[in-house]
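Shown next, in structure tokens, is the structure this report addresses.
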Ligand SMILES: Cc1ncc(COP(=O)(O)O)c(C=O)c1O
């Protein structure tokens, strides 16, 4: 491997939420932090180099998007996903969550209904709620505990599934559907058939789809990400795609993302909203770093994904052999492993206490992603293997005391 993902880098004192906010969130700082979704690996070196290069000129003035940014975004989508994106479809948003908030502002009013598929990344719940929209939580089908404790639980049946009758019913009267694609916390890569079906139903019911594809570049073998808007003209003409290299290249602190909107009328409305507050101005590092990631990223990303895949295999192996009551949803994309603690037969509070007080791990409680997430804990495995080993040892020691 050309790149080193084993190196231990001390993030303490850098303001990193993952390590510096453990005390604030858990009231103690003796926990191994494996929660918020960024990586403990160094950001890709060509991204850091782009920042260094820009700082060689000490005038930190207003910065515009030059052609190389458009080119890099277009080429990346074409090369990785075979999606031909046009320059006029693109705009800058400071992040995916801000992008979702902009969609709410541009296309809905307070009181309008927004559909999400729970359990799902918690800002999908918080952002609409905080802006006075009405949330419709369309629960996904949760795989059974015995499948996830998994003697062979693999593929889509060992991950979240859509309850189509419920989806159609819940979509009635909604204005927007926030699609998490790939899905967090399940790591599900929605298939072409599923995406096409969602596209048809949403178009029929006149619900615009916001497809959050932040985890797309973290799709693991043998799965393939298919951009929602690429599945059909129906999907293209009724959607807003939000993309970013921030997750895959570990640069979320740079707040630089992209909106992709093929439909002229939808783009005009969205872009007018962005223009009204100069929300799409970007910042000094917004464009050069994205350009660097997309222009140089393939080899680094492949190695990073292999390493993540190795960490997931490692966790799965230890759970199967040493902690058979704990299952997991194997992500098809992302470095987030949704641990299934339902077999431990603890309440949500007890499960959290077990992971915190006994295993000394700081994980995300599955319940924060919506009711079907209860009984699960989300483990971030984007750390050097030695940290994953330490986490598994701590979990195993706690498990053996209580359940073996
Ligand atoms: C599905 C999903 N969307 C969006 C985000 C955050 O995006 P941003 O930091 O660009 O707002 C995350 C971060 O974990 C995520 O998992």
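What follows is calculated from the coordinates using simple rules that are stated; it is not laboratory data. None of the values given here were measured: they were computed from a predicted structure. Ideal geometry is used to build each Cβ from the backbone, glycine not excepted, and the neighbour counts take in all protein chains shown.
Annotations
- Relative packing of peptides 105-117, 330-342 - highest average C-beta neighbours within 10 Å first: 330-342, 105-117
- With the highest mean first, a sort of the peptides 197-207, 214-224 on other beta-carbon atoms found within 10 angstrom per residue produces 214-224, 197-207.
- Convex hull (Cα only) mean projected area of the range 234-358, reported in nm² to one decimal: 12.1
- Centre-to-centre, using Cα atoms only, the range 284-329 and the range 223-280 are separated by 23 Å.
- Taking all Cα pairs closer than 8 Å and separated by 6 or more residues, the relative contact order of the chain comes to 24 percent.
- Packing order of peptides 274-280, 188-194, 245-251, 126-132, highest average first: 245-251, 188-194, 126-132, 274-280 (average count of other Cβ atoms within 10 Å over each peptide's residues).
- Mean ellipticity per residue at 222 nm, deg cm²/dmol - from DSSP H runs of n ≥ 4 across the chain, formula -39500 (n - 2.57): -11500 deg cm²/dmol
- The range 60-295 - share of DSSP beta bridges that are antiparallel (%, nearest 5): 30
- Hydrodynamic radius of the range 140-288 per Kirkwood, over alpha carbon pairs, in Å: 16.9
- Antiparallel %, DSSP beta bridges [both residues in the chain], to 5: 50
- Centre-to-centre, using Cα atoms only, the range 64-135 and the range 351-374 are separated by 28 Å.
- Normalised alpha carbon radius of gyration of the chain [divisor 2.2 N^0.38 Å]: 0.97
- Shape call, the range 61-169: gyration tensor on alpha carbons, a/c limit 1.5: oblate
- As a length-normalised measure over Cα pairs under 8 Å and 6 or more apart, the relative contact order of the range 108-148 settles at 47 percent.
- Over the range 60-295, Cα pairs under 8 Å with separation of 6+ residues give a relative contact order of 27 percent.
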